Amino acid sequence: MSRPNSRNPRYKGVFPVVPTTFDAAGGLDLESQKRCVDFMIDAGSTGLCILANFSEQFVLSDSERDTLTRTILEHVRGRVPVIVTTTHYSTQITIARSRQAQELGAAMVMVMPPYHGATFRVAESQIYEFYAHLSEAISIPVMIQDAPVSGTPLSVPFLAKMATELEQIKYFKIETPGAAAKLRELIRVGGDAIEGPWDGEEAITLLADLDAGATGAMTGGGFPDGIRKIVDAYAAGDREAAVAEYGRWLPLINFENRQGGILTAKALMLAGGVIQCDAPRHPFPEMHPATRAGLLDAARRLDPLVLRWTR
């Protein structure tokens with residue numbers, strides 16, 4: 001078998017983030033959660049990612065994380081690969097979360113570099129050790145999430161060094177400004193050590209990132225059927241069709257990235273009857289009615305599966 005690399009990755013395609021569903025009182029709604037997952041698979045998701053920032057992981061207790069990890073992985077039952085986000089400042093806790101995810105059947109874990117608040121950062125040498133210990137502790141791939149929210153610069157040479165030297169560090173979700181340029185340079189510098197150069201940020205830069213060599217996309221979960229049209233056309237070598245589909249879906253992509261944000265997928269799922277409640281947990285603000293109206297207007301013009309899945 002040939003060695004996995006960016007031309008022969010183990011995982012590629014569209015892996016949307018699964019939103020966390022709450023009831024009106026703020027508790028976990030596991031029945032809605034299961035329907036949400038079923039819809040996302042039916043809508044063509046190549047795989048799923050859970051407990052990410054777009055899953056509102058920052059409002060979840062440790063016990064709720066455990067419940068969601070077990071519930072979702074058991075419900076998916078291997079239908080698609082699942083990436084579990086296991087980010088924590090502590091190396092020890094990140095390893096414990098990642099081992100649990102692996103034991104429960106996760107295909108991969110996604111981890112940001114250690115940070116806390118606006119000022120708690122660690123030096124590059126400590127970041128290297130953080131990922132080195134994690135790589136040694138598990139036998140599934142690690143995706144480094146290179147996101148502005150961490151406030152931690154990760155240079156291309158540093159990312160390529162970790163990919164080259166650490167066994168499980170093979171996937172990279174690039175969300176920083178100028179993502180396409182960074183992806184292109186990462187692939188050039190890291191070569192075959194870069195198995196999975198991935199696009200993020202709700203697909204707002206998807207076309208440029210595909211042109212740069214991205215082989216995976218981690219987007220919002222509301223309309224994976226639309227994102228698949230872009231990614232599948234590009235993977236088939238039909239860039240013109242991909243450009244056309246990107247232009248067609250861009251108003252909705254843009255609305256999620258610039259207006260609806262984290263709550264977009266849940267608002268669409270509520271409108272389509274997939275889930276029972278789309279509220280976030282306090283103090284995260286609920287979606288403004290005008291924002292919701294604009295989102296649904298943009299969606300109805302495209303007729304995504306989310307609005308008709310329950311019919």
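Conditions tested, residue by residue: (1) under 16 Å from Ala265 (Cβ atoms); (2) in a loop (DSSP other than H, G, I, E, B); (3) hydrophobic (A, V, I, L, M, F, W, C).
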{"residue": "Ala25", "(1), (2), (3)": "no, yes, yes"}
{"residue": "Glu31", "(1), (2), (3)": "no, no, no"}
{"residue": "Arg35", "(1), (2), (3)": "yes, no, no"}
{"residue": "Ser45", "(1), (2), (3)": "yes, yes, no"}
{"residue": "Cys49", "(1), (2), (3)": "yes, no, yes"}
{"residue": "Phe58", "(1), (2), (3)": "no, no, yes"}
{"residue": "Thr69", "(1), (2), (3)": "no, no, no"}
{"residue": "Leu73", "(1), (2), (3)": "no, no, yes"}
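Only one of the listed residues (Ser125, Ser155, Ser150) is in contact with a strand residue (DSSP E or B) (Cβ under 6 Å, 6 or more places away or on another chain) and of a type in the set (Ser, Thr, Tyr). That residue is Ser150. Taking the condition of a type in the set (Gly, Ala, Ser) and surrounded by fewer than 21 Cβ atoms within 10 Å (Cβ to Cβ), does Ala163 pass? No.
Within region 49-64, track down each residue that is touching a residue at least 40 places away in the same chain (Cβ under 8 Å) and within 16 Å of the chain's Cα centre (by Cα).
Cys49, Ala52, Asn53, Phe54, Glu56, listed by residue number.
Does Leu154 meet the test of being under 21 Å from Trp198 (Cα atoms), without any contact (Cβ under 8 Å) to a residue 40 or more places away in the chain and buried (at least 17 other Cβ atoms within 10 Å of the Cβ)? Spelling it out, it is not the case that Leu154 is under 21 Å from Trp198 (Cα atoms), without any contact (Cβ under 8 Å) to a residue 40 or more places away in the chain and buried (at least 17 other Cβ atoms within 10 Å of the Cβ). Comparison of Thr94, Thr21, Thr67, Thr71 shows that the only residue that is over 18 Å from Ile140 (Cα atoms), over 16 Å from the mean Cα position of the chain (by Cα) and surrounded by 21 or more Cβ atoms within 10 Å (Cβ to Cβ) is Thr21. Return yes when Ile262 is in a helix (DSSP H, G or I) and either within 18 Å of the chain's Cα centre (by Cα) or in contact (Cβ under 8 Å) with a residue 24 or more places away in the chain (or both) and no when it is not. Taking the combined requirement at face value, the residue satisfies it. Does region 26-45 contain any residue that is surrounded by 17 or more Cβ atoms within 10 Å (Cβ to Cβ), in contact (Cβ under 8 Å) with a residue 40 or more places away in the chain, under 22 Å from Phe284 (Cα atoms) and of a type in the set (Phe, Trp, Tyr)? No. Looking at Ala290, is it in contact (Cβ under 8 Å) with a residue 12 or more places away in the chain and either in contact with a Phe, Trp or Tyr (Cβ under 9 Å, 6 or more places away or on another chain) or not in a loop (DSSP other than H, G, I, E, B) (or both)? Here the answer is no, as Ala290 does not meet what is asked. Condition (residue is assigned to a helix (DSSP H, G or I) and in contact with a strand residue (DSSP E or B) (Cβ under 6 Å, 6 or more places away or on another chain)) applied to region 2-9: is it met by at least one residue? The answer is no; no qualifying residue exists. Scanning region 191-211 for residues that are among the β-branched types (Val, Ile, Thr) and closer than 21 Å to Lys161 by Cβ yields a single hit, Ile194.
If you go through region 166-193 and keep only what is of a type in the set (Lys, Arg) and surrounded by fewer than 22 Cβ atoms within 10 Å (Cβ to Cβ), you end up with Arg184, Arg188.
No lab work stands behind these numbers, since they all come straight from the coordinates. Remember, it's a predicted structure, so these values are computed and weren't measured experimentally. Virtual Cβ from ideal backbone geometry, glycine too; neighbours counted across all protein chains shown.
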